[in-house]
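Visitor: Could you have a look at this structure, given as structure tokens, before my questions?
The values are calculated or read from the model by the stated rules, or taken from the named source; none is laboratory data. A quick note: this is a predicted structure, and the numbers were derived from the prediction, not measured. Glycine gets a Cβ as well: all are built from the backbone with ideal geometry, and neighbour counts include every protein chain shown. Heads up: the accessible areas ignore ligands, DNA and RNA and are worked out on the full protein's heavy atoms, side chains in. Shrake-Rupley method; radii C 1.70, N 1.55, O 1.52, S 1.80 Å.
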Amino acid sequence: MADLKARRGATAEAEALYENAEDVIDGMLVNSHEAYWSSSLAGAMSETYLKHFELEAREGKVERALNVLERVRGRTAAALLEIGLRSAKIESEDVRTLENEVSELQLRLMRAENAQERVVLLDQLVEYERRLEWTRTDQRESKPGWFQKPASLKAIQASLRSDEVLLEYVLSEPHSYCVWNLQEAGGRTNFDRRAAAD
């Protein structure tokens, strides 16, 4: 629908629809254990972000286009960093205890010869697996700050030194794009659009 609105020149409506679609994607990915952009769902939805970026680029809205890029790429980097930190932490004692309980119940279930005993063990196993997932979820930040708001143009510019420039490439057909960013003090952000190379 957003693509159709964009082709008809209803830019504001198209922008709102793209943002709505991206919010839905974010909602589906918020507790994904994979890195944000490596998840199959985000990969399948990448066309949404690309079309939104291209709309903003055609309209010359540099800040909005950069925001679309940061919504995806900035979160990817943040998600990878978060996963690295999470895997480096030692799981809490509560989680380890519940994992041990689940393992013990699974062993008892495999050894059980009585049907009634298996029913009881299965019920206990379901209960402990639920507790384990709740405990892990409580210890995870379900929607951290980096997910809620991508880095702003001013924040990106402020992080650059006077002798630095940030280049972001978007490869597409029939055109590819380069967004270039200079330091905030007297700096600027702009697009360069070229025909896609073979």
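Visitor: Out of curiosity, is residue 172 modelled with pLDDT of 65 or more, open to solvent by 50 Å² or more (accessible area, probe 1.4 Å), of a type in the set (Gly, Ala, Ser) and in a loop (DSSP other than H, G, I, E, B)? It would help to see each step written out before you state the result.
Guide: Numbers: modelled with pLDDT of 65 or more: yes; open to solvent by 50 Å² or more (accessible area, probe 1.4 Å): no; of a type in the set (Gly, Ala, Ser): yes; in a loop (DSSP other than H, G, I, E, B): yes.
It is false that residue 172 is modelled with pLDDT of 65 or more, open to solvent by 50 Å² or more (accessible area, probe 1.4 Å), of a type in the set (Gly, Ala, Ser) and in a loop (DSSP other than H, G, I, E, B).
Visitor: Considering segment 103-117 alone, what residues qualify as being surrounded by 15 or more Cβ atoms within 10 Å (Cβ to Cβ) and assigned to a helix (DSSP H, G or I)? Before you say what the answer is, go through the steps one by one.
Guide: So the first thing to find is which residues in segment 103-117 are surrounded by 15 or more Cβ atoms within 10 Å (Cβ to Cβ), and the list is 105, 108-109, 112.
105, 108, 109, listed by residue number.
Visitor: Return yes when residue 97 is surrounded by 11 or more Cβ atoms within 10 Å (Cβ to Cβ), at pLDDT 85 or above and more than 30 Å from residue 67 (Cβ to Cβ) and no when it is not. Write out each step before concluding.
Guide: On the way: surrounded by 11 or more Cβ atoms within 10 Å (Cβ to Cβ): yes; at pLDDT 85 or above: yes; more than 30 Å from residue 67 (Cβ to Cβ): yes.
Criteria met by residue 97.
Visitor: Among the numbered conditions (1) over 30 Å from residue 98 (Cβ atoms); (2) modelled with pLDDT under 70; (3) not in a loop (DSSP other than H, G, I, E, B), tell me where residue 137 comes up short.
Guide: It is condition (1) that residue 137 fails.
Visitor: In segment 157-169, what residues are within 22 Å of residue 58 (Cα to Cα) and open to solvent by less than 60 Å² (accessible area, probe 1.4 Å)?
Guide: Taking segment 157-169 and keeping what is within 22 Å of residue 58 (Cα to Cα), we get 166-169.
Scanning segment 157-169 gives 166, 168.
Visitor: At pLDDT 70 or above and over 30 Å from residue 24 (Cβ atoms): does that describe residue 105?
Guide: On the way: at pLDDT 70 or above: yes; over 30 Å from residue 24 (Cβ atoms): yes.
The answer is yes for residue 105.
Visitor: Please go through segment 10-24 and pick out each residue that is of a type outside the set (D, E, K, R) and under 24 Å from the mean Cα position of the chain (by Cα).
Guide: Of everything in segment 10-24, those that are of a type outside the set (D, E, K, R) and under 24 Å from the mean Cα position of the chain (by Cα) turn out to be 14, 16, 17, 18, 20, 21, 24.
Visitor: Just for segment 21-57: of the residues that are at pLDDT 85 or above and within 20 Å of residue 152 (Cα to Cα), which one is surrounded by the most Cβ atoms within 10 Å (Cβ to Cβ)?
Guide: 52
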